[in-house]
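The next block holds one structure in the form of structure tokens; read it before the comments.
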Amino acid sequence: MATDVRQQLEKEGLRLTDEAWHRLAAEDGGALSQLASARRRVLSEDLRKASAATLGEDVSKGTGTSALDFPGNSGPVVQVMGVSNAAAPSYMQTDGSKAFPRLLCLELADGPVRVRAIEHRPCPALGLKTVPGTKVRLTGHIVVRHGFLLLDGKNIQVVGGGVEALALAHRMSRVGVNQQRVTVSADGVLGGPP
């Protein structure tokens, strides 16, 4: 039964290494024999350590133009490691800011392989609030230029899931964002750093 569940998850793009699968099976007892619980458990895993690389290192080291094709929903599920707006300075990295155009840059993990992606056309499901550890599925035709995946709303789907350690680290790093250092002079005038 667990073999059938694993095969179904692999059809959905959730491909784990044998070591990770055996570890999860040992931790969860018989829970991995049920598809829904196995899917939830796999989506909560850190794919950097558990996923079998499906994209290959040559994608991230590309120097020219190539393409990846994943017909239907058969594409791999990868993990978001970071999202930033390449068009805005670091202190303006907030969703909804109209001061700068939106050009999302994503860092994705496919097992031990890290790949960068650019929002070539709007991807409504993604934003600066997308938390590291979120799982996304790559689908359809994806152009790769100089090691960057060019994404649009048609070739990426948010699957969900999350990794608590990554989410906590992200929340802690965001605490100081958008807070400016302000000083008050002796006469009560607000100002910037001295």
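The values are calculated or read from the model by the stated rules, or taken from the named source; none is laboratory data. Keep in mind the model is a prediction, meaning the values are calculated, not measured. Please note: Cβ atoms are built from the backbone with ideal geometry, for glycine as well, and neighbour counts cover all protein chains shown. Side chains are part of the model used for accessible areas, which takes the heavy atoms of the whole protein and leaves out ligands, DNA and RNA. Shrake-Rupley method; radii C 1.70, N 1.55, O 1.52, S 1.80 Å.
Among what's in the range 73-89 and is without any contact (Cβ under 8 Å) to a residue 60 or more places away in the chain and surrounded by fewer than 19 Cβ atoms within 10 Å (Cβ to Cβ), pick the residue that is farthest from His141 (Cα to Cα).
So the residue we want is Pro89.
Conditions: (1) touching a helix residue (DSSP H, G or I) at 6+ places or on another chain (Cβ under 8 Å); (2) surrounded by 20 or more Cβ atoms within 10 Å (Cβ to Cβ); (3) over 27 Å from Leu168 (Cβ atoms). Ala109 meets all but one. Number of the miss?
The one condition Ala109 does not meet is (3).
Here's a check for you: in the range 81-112, which residue that is assigned to a loop (DSSP other than H, G, I, E, B) and of a type in the set (A, V, I, L, M) is farthest from Lys49 (Cα to Cα)?
Per the stated criteria, the residue is Ala99.
Anything in the range 53-72 that is more than 20 Å from Thr134 (Cβ to Cβ) and either over 21 Å from the mean Cα position of the chain (by Cα) or open to solvent by 40 Å² or more (accessible area, probe 1.4 Å) (or both)? List them, or say none.
Glu57, Asp58, Lys61, Thr63, Gly64, Thr65, Ser66, Ala67, Asp69, Pro71, Gly72
Which one is modelled with the lowest pLDDT among residues in the range 131-154 that are open to solvent by 20 Å² or more (accessible area, probe 1.4 Å), in contact with a His (Cβ under 7 Å, 6 or more places away or on another chain) and over 21 Å from Ser51 (Cα atoms)?
Asp152
Residues to consider are Val115, Val131; find the one that is out of contact with any Phe, Trp or Tyr (no Cβ under 8 Å at 6 or more places or on another chain), within 19 Å of Phe70 (Cβ to Cβ) and not in a helix (DSSP H, G or I).
Details: Val131 fails: within 19 Å of Phe70 (Cβ to Cβ).
None of the other options fit; the residue is Val115.
Of all residues in the range 155-172, which are modelled with pLDDT of 90 or more and either open to solvent by 20 Å² or more (accessible area, probe 1.4 Å) or more than 16 Å from Ser66 (Cα to Cα) (or both)?
Of everything in the range 155-172, those that are modelled with pLDDT of 90 or more and either open to solvent by 20 Å² or more (accessible area, probe 1.4 Å) or more than 16 Å from Ser66 (Cα to Cα) (or both) turn out to be Ile156, Gln157, Val158, Val159.
Which condition number in (1) under 13 Å from the mean Cα position of the chain (by Cα); (2) over 15 Å from Arg15 (Cβ atoms); (3) of a type outside the set (Ser, Thr, Tyr); (4) surrounded by 14 or more Cβ atoms within 10 Å (Cβ to Cβ) is the one that Gln93 fails?
(1)
Table: residues versus (1) free of Cβ contacts under 8 Å to residues at least 60 places away in the same chain; (2) acidic (Asp, Glu); (3) outside any helix (DSSP H, G or I); (4) at positive phi.
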site	(1), (2), (3), (4)
Ala20	yes, no, no, no
Ala36	yes, no, no, no
Glu45	no, yes, yes, no
Arg48	no, no, no, no
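In the range 25-52, how many residues are of a type in the set (A, V, I, L, M) and crowded, with 19+ Cβ neighbours inside 10 Å?
Step one: filter the range 25-52 for residues of a type in the set (A, V, I, L, M), giving 25-26, 31-32, 35-36, 38, 42-43, 47, 50, 52.
Next, only the ones that are crowded, with 19+ Cβ neighbours inside 10 Å stay: 32, 38, 42-43, 47, 50.
Total meeting the criteria: 6.
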